[in-house]
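Shown next, in structure tokens, is the structure this report addresses.
The values are calculated or read from the model by the stated rules, or taken from the named source; none is laboratory data. As the structure is a prediction and not an experimental result, all values here were calculated from the model. Methodologically, a virtual Cβ is constructed for each residue, glycine included, from the backbone with ideal geometry; neighbour enumeration extends over all protein chains shown. These area figures cover heavy atoms from the full protein model, side chains too; ligands, DNA and RNA do not enter into them. Shrake-Rupley method; radii C 1.70, N 1.55, O 1.52, S 1.80 Å.
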Amino acid sequence: MAGATRPQNRPLSPFLTVWRWHITMVASILHRVTGAVLYGGAVLLALWLLAVAAGPEAYAQVGWVLASPIGQIALYLLVASLAFHLANGIRHFVFDTGAGMKPVDADLTAWFAILFAIAAPIGLWALLSFGGLHR
Amino acid sequence: MNAPQRSMRTPLGRVRAHGASGQGTGHFIGQRVSAIALVVLGLWFLAAVMLEMHNPGFVSAIDFLSAPVNAVGVILLVVAAFYHMRLGMQVIVEDYIAKPSTKAVLLLLNTLGLIALGAGAVFAVLIVNFGA
């Protein structure tokens with residue numbers, strides 16, 4: 001190896017574009033993506049707490065952002081990310097015990113986590129809108 | 001290896017600090033423990049906000065954070081979440097950032113930034129409850 005010329009554009013390790021997509025891979029990637037999204041969400045939660053402590057004027061701006069379409073979309077994505085990361089995290093707890101690793105089971109639970117992430121924000125929104133919680 | 005090198009260093013001394021950091025198990029356990037805490041705290045926070053915050057306004061935010069259970073719960077949530085996400089972001093940085101200096105800066109920011117923001121968030125909850 002010493003002194004050999006390095007071939008250009010040599011792949012170092014296989015990455016996303018190399019693989020045929022399958023559902024457990026999607027779940028794995030989504031777990032990292034939603035984790036990063038929730039990192040942002042937790043930072044926003046901290047900023048929200050700081051705004052509450054800072055007083056009504058500072059809070060008014062935060063409240064305005066939350067109520068705006070962008071804020072509502074962000075909240076929706078945060079709840080969806082939380083739902084996925086939660087479901088898939090529990091899936092990984094099961095994996096830790098050695099169970100659920102058969103392809104059929106792993107595929108099924110991956111689909112469940114993804115569908116749960118889609119359903120959960122819609123369900124919570126419906127509960128808040130029509131559930132009569134705040135009467 | 002085969003050349004007779006004159007050195008006072010023992011073979012063990014030469015290989016030390018060239019392997020794994022030896023902190024993987026602690027990372028694994030800390031990540032799982034905080035994950036278990038967050039399953040409870042995350043679900044509780046969603047439910048509590050939905051049930052007790054009647055609107056997104058300032059007064060109801062103060063009301064929510066003034067209840068002792070909510071204040072303690074939110075503080076625990078912030079601490080567990082920040083610890084958990086510090087570990088997660090550390091792995092993401094280590095996976096994707098190869099340049100040692102950039103990696104070191106990002107890991108440092110990840111740790112110190114979250115400690116600073118987390119301390120601020122906890123202090124904010126205390127201020128709401130005990131006044132400025």
If you rank A:82, A:77, B:77 by how much accessible surface each has, with a 1.4 Å probe, what is the order from largest down?
A:77, A:82, B:77
Positive end of the dipole of region B:26-130, charges at C-beta (+1 Lys, Arg; -1 Asp, Glu), about the Cα centre: which of B:68, B:108, B:40 has its Cα farthest in that direction?
B:108
Please determine, in degrees from 0 to 90 and to the nearest 10, the orientation of helix A:69-96 with respect to the longest principal axis defined by the Cα atoms of chain A, where the helix direction is its Cα long axis.
50 degrees
How tilted is helix B:100-130 with respect to the longest principal axis of chain B? Cα atoms for both, answer in degrees (0 to 90, nearest 10).
30 degrees
As I understand it, the dipole of the protein assembly as shown uses +1 on the Cβ of Lys and Arg and -1 on the Cβ of Asp and Glu, about the Cα centre. Which of A:37, B:25, A:127 lies farthest toward its positive end?
B:25
For residue A:40, what charge total do you get from the other residues with a beta carbon under 15 Å from its beta carbon, if Lys and Arg give +1 and Asp and Glu give -1?
+2
If you count only protein heavy atoms and use a 1.4 Å probe, how large is the accessible surface of residue A:17, to the nearest 10 Å²?
140 Å²
Expressed to two decimals, region A:23-130 has a Cα Rg over Rh, using the Kirkwood radius, of 1.09
Per-residue accessible area for residue B:36 at 1.4 Å probe radius, Å² rounded to 10?
100 Å²
Which angle between 0 and 90 degrees, to the nearest 10, do you get for helix A:56-67 versus the longest principal axis of chain A when only C-alpha atoms count?
60 degrees
Shielding by partners - mean other protein chain Cβ count within 10 Å, residues of B:54-63
5
Could you grab the Rg to Rh ratio for region B:56-106? Cα atoms only, Kirkwood for Rh.
1.29
Test item: A:97-107 mean partner chain Cβ contacts at 10 Å
0
Counting only other chains, and only Cβ atoms inside 10 Å, what mean value do you get across the residues of A:56-63?
3
Euclidean distance of C-alpha centroids, region A:106-122 and region B:70-126, integer Å:
27 Å
Explain nothing, just the number: dipole magnitude of the protein assembly as shown about its Cα centre with +1 on each Lys and Arg Cβ and -1 on each Asp and Glu Cβ, in debye rounded to the nearest 20.
1360 debye
How much net charge surrounds residue A:100 when only other residues with a Cβ under 13 Å from its Cβ are counted (Lys, Arg +1; Asp, Glu -1)?
-1
Listed residues B:70, B:110, B:55, most fluctuating in chain B (Gaussian network, C-alpha, under 10 Å)
B:55
Which net charge results when you count Lys and Arg as +1 and Asp and Glu as -1 among the other residues whose beta-carbon is under 14 Å from that of residue B:70?
-2
Working with all protein chains in place, sort A:76, B:96, A:39 by solvent-accessible area computed with a 1.4 Å probe, largest first.
B:96, A:76, A:39
Counting only helical runs of four or more DSSP H residues, what would the 222 nm mean residue ellipticity of the protein assembly as shown come to if each run contributes -39,500 (n - 2.57) and the total is spread over all its residues?
-26500 deg cm²/dmol
